[in-house]
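Encoded as structure tokens, the structure appears first; notes follow it.
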Amino acid sequence: MLTDWRFTAAIFCIAVLVTGIETNAQSIPKEVATRVEIYAIPSLTISDQQFLTGDTNGKQVTVAGEIRIAQGSGKLPVVVMMHGSSGVSPTTEAWVHQFNAMGISTFVIDGFSGRGLTVVGPNQALLGRLNFIVDIYRSLEILARHPRVDPDRIALMGFSRGGQAALYASLERFHKLWNKSGVQFAGYIPFYPDCSTTYATDTEVAVRPIRIFHGTPDDYNPVASCKAYLARLREAKRDVVLTEYPDSQHGFDSGLLGVNTTAVSVNAQTARNCHLKEGEGGVLMNADTQAPFSYKDACIELNPHVGGNPATAEEARKAVSEFLQALFKLG
């Protein structure tokens, strides 16, 4: 353990370093944040049925969020990022650097550590999927009050399980039930989400753009269910676009790190052959069996594939950057 004077000296050195970065932002690479802050986010662990009925009688938990304030002055735009079934991944860091280099701050949520989890792929029942939306809205409350955040320029991005949360966090009904921040996201960017669940009034989404990125051969969260949902959203005149890459597996944006191989996600559960719908009282039903859904249902399979594709990862990086430049009105 550090002695008192060594601890004080260490804190002083860190403070000097941070101050130096803040006052000499022009001398550091654009992708380096001027300040990093860690936030405790009061949240809940509840069942999906509780979420759908607005029942707050769950377990009080504290999850975490890291904001990296980009170089620039005044109130800045922010991208909130929600991870998938394996927690915050190295690919997230690549996206953080990309956005920070654009003058966009980032807020990365860790929805696992505070719940004693590290991975849920082999047992998705460990955490109801809709919990992440609670975490997202609670994060929005923090960001709406932050002195360096422009509350009108906050976008939501998510990956896989987090992509599903990013997609359905757009539902007006869920905002009314759970979003107490007083603000809305400016846009939604789900990457390879699971779109296999039909919720009540799920075409009534926020009047904000939704941009989905997916791969044709994805056998973890098949793109077909997202196409079906997209068709219903378009029929409801919503601003939604799906960008589909014909040669990209689940997690293709790991290509931003140079990953160009495909592997089996051993024993990971996939609902690729399931058709779920919200039933009476917020119970999630297996539409094929008309019984309450369980991860023990016959439609659940194992061992989907994951893999990076540098070429399409770069295409997606460019597309997302252009979308955010227009959305946030960046110069």
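Calculate, in nm to one decimal, what Asn273 and Lys75 gain on full extension: separation in residues at 0.36 nm each, minus their alpha carbon distance.
Between Asn273 and Lys75, full extension yields 66.8 nm more.
What's the Kirkwood radius of the stretch 26-70 in Å, using all Cα pairs? Intermediate values should be presented prior to the final figure.
On the way: mean 1/r = 0.0758 Å⁻¹.
Result for the stretch 26-70 stands at 13.2 Å.
Measure of size requested: the Rg and Dmax of the stretch 205-313, with Cα atoms as the atom set and Å as the unit; please supply both.
16.0, 46
In whole Å, how far is the Cα centre of the stretch 175-197 from that of the stretch 205-256?
Result: 15 Å between the Cα centres.
Taking just the alpha carbons, could you work out the radius of gyration and Dmax for the stretch 34-182, both in angstroms?
Considering the stretch 34-182 through its Cα atoms, Rg and Dmax are 14.7, 44 Å.
Just name one of Ser73, Ser113, Pro222: the one whose Cα is farthest towards the positive end of the charge dipole of the chain (beta-carbon charges, Lys/Arg +1, Asp/Glu -1).
Ser73
If R0 is 45 Å, what FRET efficiency do you get for Ser294 and Ile28 from their C-beta distance, rounded to 0.05?
In this case the efficiency is close to 0.30.
Out of all DSSP beta bridges in the chain, what portion is antiparallel? Express it as a percent rounded to 5.
Of those bridges, close to 50 percent are antiparallel.
May I ask you to give the percent of accessible area on the chain that is carbon plus sulfur, with a probe radius of 1.4 Å?
That share works out to 55 percent.
Given the DSSP H assignment, sum -39500 (n - 2.57) over each helix run of at least 4 residues in the chain and divide by its residue total; what's the result at 222 nm in deg cm²/dmol, nearest 500?
-9500 deg cm²/dmol
Please give the per residue accessible area of the stretch 175-216, computed with a probe of 1.4 Å over protein heavy atoms only, in Å².
Heavy-atom accessible area per residue stands at 32 Å².
Say each of Glu244 and Thr118 gets a label point 7 Å from the Cα, pointing the same way as Cα to Cβ; how far apart are those two points in nm?
My value for the distance between the label points is 3.8 nm.
Calculate, for the stretch 236-331, the solvent-accessible area per residue in square angstrom, rolling a 1.4 angstrom probe over the heavy atoms of the protein chains.
Accessible surface, normalised per residue, equals 52 Å².
What whole-number volume per residue, in cubic angstrom, does the convex hull of the C-alpha atoms of the chain give?
Hull volume normalised by residue count: 149 Å³.
Based on alpha-carbon centroids, what's the gap between the stretch 311-331 and the stretch 92-137 in Å, whole number please?
21 Å
Which values, in whole Å and largest first, are the semi-axes of the equivalent ellipsoid of the stretch 132-181 obtained as the square root of 5 times each eigenvalue of the Cα gyration tensor?
18, 13, 9
Using modelled backbone amide H atoms (1.01 Å from N, in-plane), which distant-in-sequence or interchain residues come within less than 5 Å of Ala64's amide H?
HN-HN under 5 Å from Ala64: Ile41, Asp110, Gly114.
According to the square roots a ≥ b ≥ c of the eigenvalues of the Cα gyration tensor, what is the shape class of the stretch 79-129, taking rounded for a/c under 1.5, prolate for a/b larger than b/c otherwise, and oblate for the remainder?
Cα axes put the stretch 79-129 in the prolate bin.
Using a Förster distance of 22 angstrom, determine the FRET efficiency expected from the C-beta separation of Lys176 and Val283, and round it to 0.05.
Numbers: r = 20 Å, r/R0 = 0.92.
Efficiency, from the Cβ-Cβ distance: 0.65.
The values are calculated or read from the model by the stated rules, or taken from the named source; none is laboratory data. Note that the structure is predicted; figures quoted are calculated from it, not measured. Virtual Cβ from ideal backbone geometry, glycine too; neighbours counted across all protein chains shown. Keep in mind that these areas ignore ligands, DNA and RNA; they rest on the heavy atoms of the full protein, side chains included. Shrake-Rupley method; radii C 1.70, N 1.55, O 1.52, S 1.80 Å.
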